[in-house]
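Comments concern the structure below.
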Amino acid sequence: MKLEKYIRNIPDFPKPGIVFKDITPLLANYEALTSCASKLADLSPIDIKIDKVIGVESRGFIIGGMIAERLQAGFVPVRKQGKLPYQVKSRAYGLEYGDDAIEIHIDAIKPGEHVLVHDDVLATGGTARAVCDLVEELGGIVVQCNFIMKLDFLKGSDRLKYPVASLLSY
């Protein structure tokens, strides 16, 4: 299945000069959605048991949960600041169009757990790097970062010291 046909370009969003890669057409199509989740799960290393899959707010939640189910792993949401109800660790990071902060529950990852980090898009790598830093602070081991797509021209992979996998590259 060609997932590219389910990715819509939205010019000048969230600000002028940015071309946003919209995955909502992919999410709305059952075959594309399930194919994407299965292909992403298949990208995970076969020689390491994944204990937890992290889904990054908010689009990473949708397919991240599906990946966790396929890998028989737990699912951990990483959210924007102020959205999680329990004690958290927080990390600020830069985006290609501003700054933000993310949080994870302090008990979400146990020391030594193998973690797969999932988000929809790898752009500059700021978000993924912040998530990986939080996993390591909690004692987890980042096994891989996987994405539906990566924007190669922004060189986000260069900011990560972990294996990176994606289904699409732009």
(request) Having 2 or more residues that are touching a residue at least 40 places away in the same chain (Cβ under 8 Å) and either under 16 Å from L167 (Cα atoms) or open to solvent by 60 Å² or more (accessible area, probe 1.4 Å) (or both) is the bar; report the helices (runs of 4 or more DSSP H) wholly within the stretch 13-78 that clear it. (result) 30-42, 59-71
(message) Condition check: basic (K, R) and under 15 Å from the mean Cα position of the chain (by Cα). Does K80 satisfy that?
(response) yes
(request) Report whether or not F147 is of a type in the set (F, W, Y), out of contact with any strand residue (DSSP E or B) (no Cβ under 8 Å at 6 or more places or on another chain) and either free of Cβ contacts under 8 Å to residues at least 60 places away in the same chain or part of a strand (DSSP E or B) (or both). (result) no
(request) State all residues of the stretch 91-142 that are open to solvent by 50 Å² or more (accessible area, probe 1.4 Å), in contact (Cβ under 8 Å) with a residue 40 or more places away in the chain and in a strand (DSSP E or B); if no residue qualifies, say none. (result) R91, H114
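Condition check: touching a residue at least 24 places away in the same chain (Cβ under 8 Å) and either touching a strand residue (DSSP E or B) at 6+ places or on another chain (Cβ under 7 Å) or open to solvent by 40 Å² or more (accessible area, probe 1.4 Å) (or both). Does L3 satisfy that?
yes
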(message) Just to check your reading of the model, which residue among V88, V135, V117, V131 is closer than 16 Å to S166 by Cα and hydrophobic (A, V, I, L, M, F, W, C)?
(response) V117
(message) Let me confirm something: among K150, K80, K89, K155, which residue is among the basic types (K, R) and more than 29 Å from F13 (Cα to Cα)?
(response) K89
(request) Just name the residue that is farthest from the chain's Cα centre (by Cα) out of those in the stretch 1-12 that are part of a loop (DSSP other than H, G, I, E, B) and at pLDDT 95 or above. (result) D12
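The values are calculated or read from the model by the stated rules, or taken from the named source; none is laboratory data. Since this is a predicted model, take the numbers as computed values, not measurements. Methodologically, a virtual Cβ is constructed for each residue, glycine included, from the backbone with ideal geometry; neighbour enumeration extends over all protein chains shown. With ligands, DNA and RNA removed, areas are computed over all heavy atoms of the protein, side chains included. Shrake-Rupley method; radii C 1.70, N 1.55, O 1.52, S 1.80 Å.
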